[in-house]
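**Q** Attaching a single structure in structure tokens format; questions to follow.
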Amino acid sequence: MASSPINVSISLVLYALLVSLSRFLSSSNKVFAFDGVQIFHTVQISSLRPSSVCSPSTEDHSRRGSLKVVHRHGPCSERNQDQASAPTLTEILSHDQSRVDSIQDRLNFNKAQKISKGSRTTLPAKSGNSIGSANYIVTVGLGTPARGLSLMFDTGSGLTWTQCQKCVKCYKQKQPIFNPSVSKSYRNFPCNSTRCSQLTSATGISPGCANSTCIYGIQYGDSSTSIGFLASEKLTLTSSNVFPNFIFGCGKNNRGLFSGAAGLLGLDRDPFSVVSQTASRYGKYFSYCLPTPSSSAGTLTFGKGVTNSSTVQFTPSPVHPKARSFYFINIIGIKVGGQNLSIPQSVFKTPGTIIDSGTVITRLAPAAYAALRTAFQQALKNYTLIEGISIFDTCYDFTGYDTVTIPRINFLFAGNIEVPIDISGILYDVGLSRFCLAFAGNRDASDVGIFGNVQQQTLDVVYDVAGGKIGFGTGGCS
């Protein structure tokens, strides 16, 4: 039965009183509830800022069969030691928009482009089937003996690749560049091999051929590229999880936004991805927890390992017939401050939504974002709204505040599950005590939605690829 106007007015008045009251309460981070429903946080401003100091994790990741995950620009990344190379906010958001544009372009199902045969250095003519660099790093072993390499992992990419000696062109990375000549298990694929002929599914670009050796090429939406030999090698995830004959790209000509990392670990549904190549052991099942900027590390786990959350809830992840490698999820609603926003489900359903570990900021259909923005601005009407910054249009100056009160935001997914967004996924620090609503709207209602990595922070995100579902659990990492 619908609520009467009087009841709605009373609820709004009580909500406003609770928001005002919370500002006079303890300065520690708290979550407040109304009618048994958690509706807003009161948080310390200092807790919203990224940490500049790494707090080493005490967890034995290898014992759990997990890999340690760090943000490549965070305090626990080796690359973070070189502050001069750290991207600015404008660069981060610009690169993120390039990735989003590439995803939108890819979902227009463009035809694959072809590398010129006979040249291992020729760049593809334009963006292919790959969508750009990622943000989180894991370290794996490659070769015999195994060499540790820090790779960005990406649920939007298929082919795993690393830079290889001797380079035609290689960017700077922290670890020594992989040298296939000193590995006992390295093998190239010939041009007439079945694997070479299948390569287009993972790269979007037809393979080339040089000296009878199969050549892969990837050009990302931001114009980053990797070109080299399609090869097989021994992959070591942990001491007890070793895979001989793992297919990867040995990059000889690499440039772009991968600086610091040794390459990329592909986790999409493609047959060339790590998920597919390790399916005989792990059953196409993996999970991760992405750490917040102030935490030490998260995890990437292959197989049905024990997650930190005992309450993982699953939502269907249907395979799109024309974009089979992406992980689609069905958003059916959004709550702000405990209240369902008035958004028709068709707004989410028409273009669809993917979950992506590489996109930073969640992108919503224009109508969905407008409803979220309006509700958020109403809840923060007592704070100073300032001019937007880059892709953000709802920003605040919290100068003079030790704590702020922020409405909780929950996403509703098919299967009747409700996923709370951590405070780190609600407000984005843009510097000088300014913070922005960490969401953005798509340019067009027909553009696919993207559930980005900032909103996934602290969640256990579980991919049961064979079972066609994705799970979310709270409290995976802090």
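Every number in this text was worked out from the coordinates using simple rules, so none of it is lab data. All figures in this text were calculated on a predicted structure; none of them were measured in a lab. Glycine gets a Cβ as well: all are built from the backbone with ideal geometry, and neighbour counts include every protein chain shown.
**Q** Using 0.36 nm times the number of residues separating ARG443 and ASN211, minus their current alpha carbon distance, what extension gain do you get?
**A** That pair, ARG443 and ASN211, stretches by 79.0 nm at full extension.
**Q** Given a Förster distance of 25 angstrom, what is the FRET efficiency for ARG255 paired with THR144, based on the Cβ-Cβ distance and rounded to 0.05?
**A** With a Förster radius of 25 Å, E is 0.30.
**Q** For THR384, what residues show an amide H to amide H distance below 5 Å, using hydrogens built from the backbone and excluding near sequence neighbours?
**A** Amide H to amide H, under 5 Å and 5 or more residues apart or across chains, THR384 pairs with ASP397.
**Q** I want to check the label-to-label distance for SER201 and THR384. Put each point 7 Å from Cα in the C-beta direction and report it in nm to one decimal.
**A** Rounded to a tenth, the inter-label distance reads 5.6 nm.
**Q** Quote to one decimal, in nm, the extra length available between SER240 and ALA466 on full extension: 0.36 nm per residue of separation minus the C-alpha distance between them.
**A** Here the segment from SER240 to ALA466 would lengthen by 79.1 nm.
**Q** Pairs to check: LYS68/LYS252; LYS174/LYS284; LYS172/LYS284; LYS349/LYS469; LYS68/LYS304. Give those whose C-alpha atoms are more than 23 Å from each other in this structure.
**A** LYS68/LYS252; LYS174/LYS284; LYS172/LYS284
**Q** Testing the spin-label approximation: label points 7 Å from Cα along Cα→Cβ at SER346 and GLN175. State their distance in nm.
**A** 5.1 nm
**Q** Here's another thing I want to ask about it. Under a crude label model (7 Å from the Cα following the beta-carbon direction), how far is SER433 from LYS166 in nanometres?
**A** Placing both labels 7 Å beyond Cα along the Cβ direction yields 5.8 nm.
**Q** Ranked from highest to lowest mean number of other Cβ atoms within 10 Å per residue, what is the order of the peptides 343-349, 407-413?
**A** 407-413, 343-349
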